[in-house]
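Only one structure is covered here, and it is reproduced in the block below.
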Amino acid sequence: MNIREMTRQECTAMLKSSRLGRLACVRDDRPYVVPIHFAFGDNFIFSFSLLGKKVEWMRQNRHVCLQVDDVGSVHGWKSVVVDGLFEDLPKAPDPDWTVPANDQQALVSDREREFAWSLLQKHANWWEPGALKPGETAGSGGHLFYQIRIETISGRQAFR
Ligand SMILES: Cc1cc2nc3c(=O)[nH]c(=O)nc-3n(C[C@H](O)[C@H](O)[C@H](O)COP(=O)(O)OP(=O)(O)OC[C@H]3O[C@@H](n4cnc5c(N)ncnc54)[C@H](O)[C@@H]3O)c2cc1C
């Protein structure tokens, strides 16, 4: 078996075609890893969540890591690791809301949220069941959007 580094292009192609990753965050020197569904766009990973431990931790320490893999066999697999920064995306504004004059930050956030939604919507419903908590039902609300601003990407591929 051989291992090689994947190119940036190969890594982003894999992120584009992947839906499931493992998200790691850290608080007080303690790691926490959970599976999440995500969408990749430009230089960001987008996802949905309910409030809970990972969001609480990521808000305290924005440095996170996402790992994605495609395991065909013991001797043939691909794995991509993304290091990045967690960023909250504000909730959808109400329909009558208009961007206040000169509020560039509001404009940018609104565009990013719409972009995230358009990417996630392409895969309608695949993320929703995973984002439920024990005892909750779909549609009970409270979801939030967030993004991971990608800082570095690395990928390794095993082959014969
Ligand atoms: C295939 C798949 C896709 C998923 N997609 C998403 C997604 O897109 N968005 C999303 O937010 N969540 C998704 N989840 C659920 C996610 O893995 C977490 O369970 C969930 O987000 C709750 O995380 P939390 O930190 O808010 O936990 P909390 O509800 O705050 O609970 C904290 C404690 O519960 C336990 N716990 C939490 N999650 C898990 C878990 N997955 N496995 C074992 N123990 C756990 C841990 O002990 C942890 O300390 C997905 C899960 C799967 C299996």
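Structure data summary
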item: Yes/no for Phe86 being among the aromatic types (Phe, Trp, Tyr), away from the ligand (no atom under 16 Å from the Cβ) and at pLDDT 60 or above; result: no
item: Identity of the residue in segment 1-52, among the polar types (S, T, N, Q) and part of a strand (DSSP E or B), that ends up nearest to the ligand (Cβ to nearest atom); result: Ser49
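The values are calculated or read from the model by the stated rules, or taken from the named source; none is laboratory data. Please read these numbers as outputs of a predicted model, since none were measured by experiment. Glycine also receives a Cβ, built like all others from the backbone with ideal geometry; neighbour counts cover every protein chain displayed.
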